[in-house]
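Structure, as structure tokens:
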Amino acid sequence: MKIAVLPGDGIGPEVVAAAVQVLQALGEPFEFEFAEVGGAAYEAYGQPLPEATLALTRAADAVLFGAVGDWKYDALPRALRPEQAILGLRRALGLFANLRPAVCFEPLVAASSLKPELVAGLDILIVRELTGDIYFGQPRGRRLAPDGPFTGAPEGFDTMRYTRPEIERIARVAFEAARRRRRHVTSVDKANVLETSQLWREVVTEVHAEYRDVTLEHLYVDNAAMQLVRAPKYFDVIVTGNLFGDILSDEAAMLTGSIGMLPSASLGESGRGLYEPSHGSAPDIAGKGTANPLATILSAAMMLRHSLGRPAQAARIETAVGKVLAAGLRTPDIASPGMRMVGTREMAAAVVAALPD
Ligand code: NAD
């Protein structure tokens, strides 16, 4: 199994090294191949996503990604900025499904802004469509309003659109994921107002016919946003478009407390995927050895489950993370009184030591 490892910038290399250390401890025949991405690639090759890096990711079974970006690149032309590498990878690898779990580990219940009883035991998976919707729909642009009460005034416009095949494939990802969980899918749209959402609802309902062992319900996005903070444990899998998913996945993430705990996966047609923590390159703490590596370690667990067919190994890592948290180990971002403060390396070593047989 070949894993392309792209550490990137800032704390990326630190947290990726931690995840690789945990993967190496599993005793599986993984082959790791490293390449530059983002600012590190710009420094070495003058571009954030060099052809050699792309070729490596295409040849791999899965990609482990750290983070990219630094304020020092803010003045670069858009095409050369580190963040362009992420969009380029999504396009090149056809990564259309973003999976973001929001899991509340019992020892961190107090880190949530919600009452402990609302988040204790929380385990939601948000499946967000990643390559369509209003972010990519054409036409878009700026012009002078051609009609309406403000004719002639400067206007910005975008186009929300989804085709049937795009909705079908993301719905399948959600139903398949639900089969490995509690078998309940909530599809989120705005079908009372938007044509795109009406098609979305129709197609998700049709695909559901192939997954009768999974229950399906539809929610309007405004209601879903409300229910996520009112009774988040009600949800199992949430499937939604790019725009609504962008917002809801951040809302769900915050239910769990720290950004340093949140893994994510972006999947393509063949099951190949890119796995990365939900946080950025955190230039403010880069090089200090204090970054929380758990989001990246949990992303590696997602990789084992979704791309490498090793669900039991994924569960070993998740159990080990639960154990180190229960033992009171904390990086500064999740610190609380009475707990033992550790750095990135010590946390990774503790996860390795806690791996169950
Ligand atoms: P960020 O996620 O990097 O940091 C936000 C805050 O959270 C910072 O205070 C940081 O110290 C803290 N933090 C983040 N991850 C942490 C971890 N693992 N452990 C402990 N603390 C952690 O977001 P930002 O500051 O808005 O962006 C910094 C850079 O990262 C920018 O250049 C941005 O473009 C880039 N970025 C990249 C990605 C990506 O690579 N996928 C995502 C978001 C932002």
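The values are calculated or read from the model by the stated rules, or taken from the named source; none is laboratory data. Quantities reported herein were computed from a predicted structural model and do not represent experimental measurements. Ideal geometry is used to build each Cβ from the backbone, glycine not excepted, and the neighbour counts take in all protein chains shown.
Have a look at S264, S270, S278, S258 and point out the one that is surrounded by fewer than 23 Cβ atoms within 10 Å (Cβ to Cβ) and in contact with a Leu (Cβ under 7 Å, 6 or more places away or on another chain).
Details: S264 fails: surrounded by fewer than 23 Cβ atoms within 10 Å (Cβ to Cβ); S270 fails: in contact with a Leu (Cβ under 7 Å, 6 or more places away or on another chain); S258 fails: in contact with a Leu (Cβ under 7 Å, 6 or more places away or on another chain).
From the options S264, S270, S278, S258, the qualifying one is S278.
Conditions tested, residue by residue: (1) assigned to a helix (DSSP H, G or I); (2) outside the structural domain of A282 (by TED's automatic domain parsing); (3) out of contact with any Ser or Thr (no Cβ under 6 Å at 6 or more places or on another chain).
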residue: L114; (1), (2), (3): no, yes, yes
residue: E117; (1), (2), (3): yes, yes, yes
residue: L125; (1), (2), (3): no, yes, yes
residue: G137; (1), (2), (3): no, yes, no
residue: V173; (1), (2), (3): yes, yes, yes
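Please find, within the range 287-297, the residue that is nearest to the ligand (Cβ to nearest atom) out of those that are farther than 20 Å from T57 by Cα and of a type in the set (A, V, I, L, M, F, W, C). Let's see the steps before the verdict.
Filtering the range 287-297 down to residues farther than 20 Å from T57 by Cα leaves 287-295.
In the following step, the residues that additionally are of a type in the set (A, V, I, L, M, F, W, C) were identified as 291, 294-295.
Numbers: A291: 4, L294: 8, A295: 6 Å.
That would be A291.
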Item to complete: Of all residues in the range 240-281, count the ones that are more than 15 Å from the ligand (Cβ to nearest atom), closer than 27 Å to A110 by Cβ and β-branched (V, I, T).
Response: 1
Item to complete: Could you name every one of the strands (runs of 3 or more DSSP E) located completely within the range 1-107 that has at least 3 residues being touching a strand residue (DSSP E or B) at 6+ places or on another chain (Cβ under 9 Å), touching a residue at least 60 places away in the same chain (Cβ under 8 Å) and within 16 Å of the ligand (Cβ to nearest atom)?
Response: 2-8, 62-67, 97-103
Response to the item:
When (1) over 28 Å from F30 (Cβ atoms); (2) more than 16 Å from the ligand (Cβ to nearest atom); (3) in the same structural domain as I11 (by TED's automatic domain parsing) are applied to D284, the one that fails is (2)
Worksheet item: Quick one: would you say D236 is away from the ligand (no atom under 16 Å from the Cβ) and either closer than 19 Å to I170 by Cα or crowded, with 17+ Cβ neighbours inside 10 Å (or both)?
Response: yes
Fill in: Filtered residues of the range 298-332 (kept if under 18 Å from the mean Cα position of the chain (by Cα), away from the ligand (no atom under 16 Å from the Cβ) and polar (S, T, N, Q))
S307
Item to complete: Name every residue in the range 206-243 that is in a helix (DSSP H, G or I) and among the aliphatic types (A, V, I, L, M), in order of residue number.
Response: V207, V221, A224, A225, M226, L228, V229, L243
